[in-house]
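What follows is a short report on a single structure.
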Amino acid sequence: MFKKAIVFAALVLAATSTAWAQAPKVEVSALFGYSLADGVSGDPYKAGNGQTYDRVDPKDSMNFTLSGGVFVGPNAEVGFMWRRSPTTLEVSGTTTTELGDINIDGYHGFFAYNFGDSEAVVRPYILAGLGATYYGGTTYTKASGDTGTVESTTRFSTTWGAGVKIYPAPKVGFQAGIQWTPTYIKSDATGWWCDPWWGCYVVGDAQYSNQLEFAAGITFRF
């Protein structure tokens with residue numbers, strides 16, 4: 001009986017290995033969607049037009065994403081994605097003023113887990129990634145008529161997502177999902193913290209610029 005169990009387990013493992021050897025190993029996707037975005041607040045600043053501003057935000061906008069992944073098992077996938085949101089930067093306070101157009105680019109390596117069989121028609125997935133968000137620079141006209149510049153900057157960010165892939169054909173499918181990308185921008189001092197071991201130090205309140213993205217598109221697997 002024990003020998004039969006070993007033989008059966010070996011056959012199951014061999015069949016699984018054969019199926020995995022024949023399953024697609026690479027996946028490439030192109031997605032289009034919409035981003036809900038926010039920025040950060042700061043100290044009030046009175047501009048030359050008499051208005052006071054204390055916040056800067058990118059406007060909600062369209063986005064598109066290109067990604068490629070390699071399967072390292074029937075369900076596990078590692079890859080890289082690039083996302084761009086062409087948007088407009090605006091400042092707000094006593095009024096809201098548009099400064100100029102910018103591009104927000106996300107560059108993230110990711111790990112994804114795809115549920116179900118490797119050749120299933122419907123495969124839900126979750127993903128997590130690490131990388132950076134790049135905020136492109138822009139120029140604007142001051143109240144005096146002079147030209148001002150907002151410099152470009154790059155910040156560390158993570159990205160988290162979930163969705164579903166549907167394959168009506170073996171190599172071509174449809175993908176739809178939601179993705180959240182919080183980007184660390186700065187920390188504001190909120191006070192002092194003291195303890196008998198480490199002494200006193202400033203406590204900061206971290207501010208993040210967030211993008212919540214809804215996207216869908218086409219995916220290919222090879």
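A short reminder: the numbers here are calculations on the coordinates, not readings from a lab. All figures in this text were calculated on a predicted structure; none of them were measured in a lab. Neighbour counts run over all protein chains shown; Cβ positions are idealised from the backbone, glycine included.
The table below lists the values:
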{"read-out": "32 Å Cα-Cα threshold exceeded, pairs from Lys59/Lys165; Lys25/Lys59; Lys59/Lys171", "value": "Lys25/Lys59; Lys59/Lys171"}
{"read-out": "Förster radius 25 Å - calculated FRET efficiency between Arg55 and Phe214 (Cβ-Cβ, nearest 0.05)", "value": "0.55"}
{"read-out": "Label-point separation in nm, Val78 to Glu98, each point 7 Å along Cα→Cβ", "value": "4.3 nm"}
{"read-out": "Using a Förster distance of 22 Å, the FRET efficiency for Val164-Glu119 (Cβ separation, nearest 0.05)", "value": "0.90"}
{"read-out": "Linear extension gain, Trp180 paired with Val40, 0.36 nm per residue minus alpha-carbon span", "value": "48.8 nm"}
{"read-out": "Leading residue at positive end of dipole, the stretch 16-151 (Cβ point charges), from Ala47, Thr138, Val78", "value": "Val78"}
